[in-house]
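**Student:** The structure is given below, and queries will be raised subsequently.
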Amino acid sequence: MQSNYDFTAIRNELQKQLHKNRYDHTLGVEKTAVLLAKLHNVDINKARLAALLHDCAKNLSDNKKIEICKKYNIELSCEELNNLDLIHAKIGSVVAKYIYEVKDTDILNAITYHTTGKPNMTSLEKIIYISDYIEPGRDKAPNLKEIREVANKDLDKALFMILSDTIDYLRASNNYIVPLTMDAYEYYNNILYYTGGK
Ligand SMILES: Nc1ncnc2c1ncn2[C@@H]1O[C@H](COP(=O)(O)OP(=O)(O)O)[C@@H](O)[C@H]1O
């Protein structure tokens with residue numbers, strides 16, 4: 001992608017829209033996504049833009065989130081209505097499209113699926129999903145050191161490790177798990193089994 005985007009202006013806008021810790025996390029995801037894009041031969045400008053915008057709706061008020069869902073006909077499940085934090089990714093994709101004027105569907109999908117994952121992800125989608133989990137500011141999840149090393153070599157394996165740890169964490173805390181995350185887990189479990197990655 002040839003970049004017509006003014007990344008400095010986007011960062012400045014995000015700094016206004018996001019709480020400080022969320023803005024710092026965004027810059028960490030940007031740095032990590034650019035590094036992974038270089039290592040895995042993915043368009044660096046696309047990775048940078050998707051990373052910068054992945055959490056652009058994270059700090060919107062609940063009322064604003066509902067308003068955007070109504071305006072753009074985003075359907076919400078009961079579980080999503082009960083945890084509006086879960087839908088910041090879907091809303092972020094709409095904000096990226098209509099406010100930041102992003103047209104590239106791969107970038108918009110990378111934003112949409114950065115929390116849940118999904119089966120059969122593109123390399124860009126994988127990079128944003130993984131970068132969100134391993135950026136340097138993250139320090140709570142288990143196995144981070146190993147996942148960071150694996151991500152430099154094998155996106156599918158790192159993706160699977162994160163899906164697996166996320167499911168374990170959500171189960172252990174008795175939380176709802178988005179079905180798409182289970183589908184992604186099964187999909188990459190099979191891929192790694194048949195390619196000998198496990
Ligand atoms: N696959 C999933 N299924 C259900 N809930 C999830 C899933 N992944 C994350 N969550 C929950 O959705 C919310 C947002 O997650 P996430 O985007 O990972 O947040 P953060 O970037 O703040 O760590 C959190 O409450 C988290 O526990």
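**Student:** Considering only Tyr5, Val95, Thr166, whose Cα is most displaced toward the positive end of the charge dipole of the chain, charges sitting on Cβ of Lys, Arg (+1) and Asp, Glu (-1)?
**Tutor:** Comparing the listed Cα positions along the dipole, Tyr5 ranks first.
**Student:** Once you sort the root eigenvalues of the Cα gyration tensor of the range 101-179 as a ≥ b ≥ c, which label holds: rounded (a/c under 1.5), prolate (a/b larger than b/c) or oblate (the other case)? List each step's numbers first, then the result.
**Tutor:** Numbers: a/c = 1.85, a/b = 1.28, b/c = 1.44.
It comes out oblate by the Cα gyration axes.
**Student:** Quick one: which residues, 5+ away or cross-chain, put their amide H under 5 Å from the amide H of Val178? H built at 1.01 Å from N.
**Tutor:** It is none; the list stays empty.
**Student:** With θ set to phi - 60° and the Karplus curve 6.51 cos²θ - 1.76 cosθ + 1.60, what are the ³J(HN,Hα) couplings of the range 98-114 in order, to the nearest whole Hz, using x for Gly and Pro?
**Tutor:** Values per residue, Gly and Pro as x: 8, 9, 8, 6, 7, 9, 5, 5, 5, 5, 5, 5, 4, 6, 4, 9, 6 Hz.
**Student:** If you place +1 on the Cβ of every Lys and Arg and -1 on the Cβ of every Asp and Glu, how big does the dipole about the Cα centre of the range 19-150 come out, in debye to the nearest 20? Intermediate values should be presented prior to the final figure.
**Tutor:** On the way: 20 positive and 19 negative charges, 44 e Å.
Here the size comes out at about 220 debye.
**Student:** Sticking with this one: Hey, rough spin-label estimate for Asn152 and Tyr98, points 7 angstrom out along Cα→Cβ, what's it come to in nanometres?
**Tutor:** If labels sit at Asn152 and Tyr98, their model points lie 4.3 nm apart.
**Student:** Run the numbers for Asp24 and Asn189: contour at 0.36 nm per residue of separation, minus the present Cα-Cα distance, in nm. Don't skip to the answer; put the middle values down first.
**Tutor:** Working: separation 165, 0.36 × 165 = 59.40 nm, distance 3.25 nm.
Answer, rounded to one decimal: 56.2 nm.
**Student:** Now a separate question. How about Lys157: which aspartates and glutamates have a C-alpha closer than 18 Å to its C-alpha, ignoring those fewer than 8 places off in the same chain?
**Tutor:** Straight-line reach from Lys157, under 18 Å: Glu125, Asp132, Glu135, Glu146, Glu149, Asp165, Asp168, Asp183, Glu186.
**Student:** Can you tell me how much longer the chain between Leu39 and Asn83 gets when fully stretched, taken as 0.36 nm per residue apart minus their C-alpha distance, in nm with one decimal? Before the final figure, lay out the partial values.
**Tutor:** Values: separation 44, 0.36 × 44 = 15.84 nm, distance 3.53 nm.
Contour length minus the Cα-Cα distance gives 12.3 nm.
**Student:** Another question, if that's okay. Distance in nm between label sites at Leu180 and Asn73, each 7 Å beyond Cα in the beta-carbon direction?
**Tutor:** Those two pseudo-labels are separated by 1.8 nm.
**Student:** By the gyration tensor of its Cα atoms, with a ≥ b ≥ c the square roots of the eigenvalues, what is the shape of the range 1-112: rounded for a/c under 1.5, prolate for a/b over b/c, or oblate? Show your work: numbers first, answer last.
**Tutor:** Numbers: a/c = 1.83, a/b = 1.63, b/c = 1.12.
Note, shape of the range 1-112 comes out prolate.
**Student:** Let me ask something additional. How large is log10 of I(q)/I(0) for the chain at q = 0.12 Å⁻¹ when the intensity is taken from the Debye formula with one equal scatterer per alpha-carbon?
**Tutor:** -0.57
**Student:** Work through the residues other than His19 whose Cβ is under 12 Å from its Cβ and net out their charges, Lys, Arg +1 and Asp, Glu -1. Don't skip to the answer; put the middle values down first.
**Tutor:** Details: positive: Lys16, Lys20, Arg22, Lys58; negative: Asp24, Asp55.
That sum, taken over residues with Cβ under 12 Å, equals +2.
**Student:** Of Lys70/Lys140; Lys16/Lys97; Lys97/Lys153; Lys70/Lys118, which ones are farther than 27 Å apart at the Cα? Intermediate values should be presented prior to the final figure.
**Tutor:** On the way: Lys70/Lys140 35 Å; Lys16/Lys97 19 Å; Lys97/Lys153 31 Å; Lys70/Lys118 24 Å.
Too far apart for the 27 Å limit: Lys70/Lys140; Lys97/Lys153.
**Student:** Based solely on its DSSP helices, what 222 nm [θ] is calculated for the chain when runs of n ≥ 4 H residues each add -39,500 (n - 2.57) and the sum is averaged over all residues, nearest 500 deg cm²/dmol? Can you show the working numbers first?
**Tutor:** Working: 11 runs with 131 residues, N = 198.
Calculated at 222 nm, the ellipticity per residue is -20500 deg cm²/dmol.
**Student:** Please report how far the C-alpha centroid of the range 1-74 lies from that of the range 129-144, rounded to the nearest whole angstrom.
**Tutor:** Taking the Cα centre of the range 129-144 as reference, the centre of the range 1-74 is 17 Å away.
FYI, it's all coordinate maths here, none of it is from the lab. The structure presented is a predicted model; accordingly, all values stated were derived computationally and were not measured. Cβ atoms come from the backbone with ideal geometry, glycine included; neighbour counts cover every protein chain shown.
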